[in-house]
1. Go through segment 62-82 and count every residue that is of a type in the set (A, V, I, L, M, F, W, C), outside any helix (DSSP H, G or I) and closer than 15 Å to G4 by Cβ.
2. Return the residues of segment 59-75 that are more than 21 Å from Y47 (Cα to Cα) and in contact (Cβ under 8 Å) with a residue 12 or more places away in the chain; say none if nothing qualifies.
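Taken together, the values in this text are just the output of simple stated rules run on the coordinates, not laboratory data. These numbers were taken from a predicted model, which means no experiment stands behind them. All Cβ positions, even for glycine, are placed from backbone atoms using ideal geometry, and neighbour counts span all protein chains on display.
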Amino acid sequence: DQWGHEHSIHHATSGNLDKRGTGDIWTLTVDEYVAAPFRLRLAYRLYRNPFVMFGLGPIYVFLLKNRFNRKGARKKERMNTYLTNILIVAIVGML
């Protein structure tokens, strides 16, 4: 599945600032933060806010982002996404 794929890449590159990206939480080094324009620093501070990271972030990732297939997804991954979407709709429909 998409999440599993991104999670595997994340664990393979975790802690390596030269390979930031897939499945990672947005991280800036101190030098990058200091050199960033005000708007980027503000966006970074909002993104790193605990309410966003632990409240809105998981909702976005699991209920929105993972509802669409990544480019190049294989058939099994696409079918898994479709099935999960159908089950979410069914569960919400029963509420």
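1. Within segment 62-82, the subset of a type in the set (A, V, I, L, M, F, W, C) is 62-64, 68, 73, 79.
Now drop any that are not outside any helix (DSSP H, G or I), which leaves 68, 73.
This time we only want the ones that are closer than 15 Å to G4 by Cβ, so: 73.
The total comes to 1.
2. Filtering segment 59-75 for residues more than 21 Å from Y47 (Cα to Cα) gives 67-75.
Of everything in segment 59-75, those that are more than 21 Å from Y47 (Cα to Cα) and in contact (Cβ under 8 Å) with a residue 12 or more places away in the chain turn out to be R67, F68, N69, R70, A73.
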